[in-house]
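One structure is given here, and the rest of the page talks about it.
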Amino acid sequence: MLDEKQYNAGIQSQNIGSNEFGSNNILDEKQLGPAPQIEINLEYKPITLDQIQQQKVAPKKQSSYKGATLTLFKTFVGSGILALPYSFAKGGYVLSTIVFVLLSLLINYQQVNFIMMADKYRQPNQLMDYSKFIEITLGARYRSFSKLIVGTMQWGCCISYVIFFMEFFEIAFYGNSTSSFQHQLYYLLIALLILLPMTLISNMAVFTKVSAIANGLIVFPLVMIMVSAIQAIINESYPEKQSLIDFSGLSTMIGVSIYSFEAVGVLLNIQSSMQKKEKFQRLLQLTTIAVVILFIIFSLVCGIGYGTDINQIVLFNLQDNPFMAVVQISYAIGLLLSFPVQLLPAFQILETNQKIQKSQDSANRKRIIIRMVQVVLLSLIAMFIPQFAVFLSLVGGFSGSALQFYFPLIIYKKNFFDNQSVRQRTTYCCLMIIGIIVGSFAAINSLILLIKG
């Protein structure tokens, strides 16, 4: 039981966010203004041990700046980069590059300001995630909807991983790009045997060392893919090149590009796992710059090198030899290691709704069952997805644009709009609306393509 002094100390709050980027951000720290006041009942009531255990507090093990960088980089560089070369080729090299740069600037602008707004509401020792922030700022009206969108985004990421695993196993075992239903069941069982034990991890900071290993396993195959593509350019192995501008493939390119910034659903989770949370804004900007440069160079080199023969999963354009098989296996293992990171926010959403507490043995068993059921269902859904890149475009256009643009716009309008100048209001709202329109365009067209098969 806590005494009154400890209780009073526990309800104090502080704002840890600070704007380190000057006037480049429309929502600078001074003009955001104070967060709306929340009435607190200061009447002293004893707090029981069970109530303390039910409160969300910061994880005991927190990651360093370097550790958070590795986790963030790995979260960005997932399955999306495998479809980017194909989407760049579909939209044309010049048009795709221009659109991707503009989308990158828009998304990074939004994400930095989103983190800044979240810092205004963060309490000491509080675990903040995307849905929690929506609940705090928008209330119960948007809570369930935001949880559904966050879950859909993370589930979509994990479905794409399983699609990759099944295609990878078919090529590795039989050398085919398409597999029979019976083969898919075998591959699904193999994937589940690997994935299910990893989904039991709940602490984001635990993934620090795992992310370092995963980054190495993924960067190496990406380098080898580029080397192979450069050799194809030199040897002109693929003489038929894609066009420079092709508006017919623009919707797929936009959707995959938005999806490629798939870390949006876990940004606040990663920040909460840091020892020095105030440094996350700078970390996010630097990591985004590195990722955007990597994405553009990788997509252009592969698109030009493989031409019209480029695969929706570019990893499968590698030549069929033992060394390249090792490269493909390396990437597969890297994705396996990042699977729990992507699915953790979706796990936490359902577990919060079910009021599952880790301190209770019966609740722990229920938590394990819920997680395993999710993984099995996602894996079964993956068996019926026909086009990898188009599916990513659908997830990016729907869930990605909602998380990147729609919810931040609603939060801004309700909580920060009155503290901004007319120019700032117009700039922020117009940019977010453009993002919503572009994302909706990509989602609708991708859904049509999936239905047509």
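Quick one: which of Gln357, Gln404 is at pLDDT 90 or above and either in a helix (DSSP H, G or I) or farther than 30 Å from Gln184 by Cβ (or both)? Explain how you work it out, then say what you get.
On the way: Gln357 fails: at pLDDT 90 or above.
None of the others qualify; the one that does is Gln404.
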Task: Counted residues, segment 410-430 - those being part of a helix (DSSP H, G or I) and surrounded by fewer than 19 Cβ atoms within 10 Å (Cβ to Cβ) - done: 14
Task: Selected residue (only one of Phe145, Phe164 is within 19 Å of the chain's Cα centre (by Cα), part of a helix (DSSP H, G or I) and surrounded by fewer than 16 Cβ atoms within 10 Å (Cβ to Cβ)) - done: Phe145
Task: Number of the condition not met by Lys277 [criteria: (1) in contact with a Gly (Cβ under 7 Å, 6 or more places away or on another chain); (2) charged (D, E, K, R); (3) under 21 Å from Tyr65 (Cα atoms)] - done: (1)
- [ ] Identify the single condition in (1) in a helix (DSSP H, G or I); (2) closer than 30 Å to Val223 by Cα; (3) modelled with pLDDT of 70 or more that Arg365 does not satisfy, given that it satisfies every other one.
- [x] (2)
TODO: Only residues that are more than 20 Å from the chain's Cα centre (by Cα) and assigned to a helix (DSSP H, G or I): list them for segment 439-453, please.
DONE: Phe441, Ile444, Asn445, Leu447, Ile448, Leu449, Leu450, Ile451, Lys452
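Can you tell me which residue in segment 114-142 is surrounded by the most Cβ atoms within 10 Å (Cβ to Cβ), limited to those that are of a type in the set (Gly, Ala, Ser) and in a helix (DSSP H, G or I)?
Restricting attention to segment 114-142, the residues satisfying the condition of being of a type in the set (Gly, Ala, Ser) are 118, 131, 139-140.
Narrowing further to those that are in a helix (DSSP H, G or I): 118, 131, 140.
On the way: Ala118: 24, Ser131: 26, Ala140: 7.
Here the residue is Ser131.
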Task: Condition met for Thr75 (modelled with pLDDT under 80 and either buried (at least 19 other Cβ atoms within 10 Å of the Cβ) or touching an Asp or Glu at 6+ places or on another chain (Cβ under 8 Å) (or both)) - done: yes
Open item on the list: Quick check on Gly303: is it at pLDDT 80 or above and either among the polar types (S, T, N, Q) or surrounded by fewer than 22 Cβ atoms within 10 Å (Cβ to Cβ) (or both)?
Closed with: no
TODO: Hey, can you tell me all the residues within segment 438-453 that are exposed (fewer than 12 other Cβ atoms within 10 Å of the Cβ) and without any contact (Cβ under 8 Å) to a residue 60 or more places away in the chain?
DONE: Ile451, Lys452
Task: Counted residues, segment 112-134 - those being modelled with pLDDT of 85 or more and touching a Phe, Trp or Tyr at 6+ places or on another chain (Cβ under 8 Å) - done: 7
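For segment 69-113, give me the residue count where each residue is of a type outside the set (Gly, Ala, Ser) and not in a helix (DSSP H, G or I). Outline the logic, then answer.
Our first condition is that a residue be of a type outside the set (Gly, Ala, Ser); within segment 69-113, this holds for 69-77, 81-82, 84-86, 88, 90, 93-95, 97-103, 105-113.
Then keep just the ones that are not in a helix (DSSP H, G or I); that gives 77.
Number satisfying all stated conditions: 1.
The values are calculated or read from the model by the stated rules, or taken from the named source; none is laboratory data. Computed from a predicted model, the values in this text were never measured in an experiment. Here the Cβ is made from the backbone with ideal geometry for all residues, glycine too, and neighbour counts use every protein chain on show.
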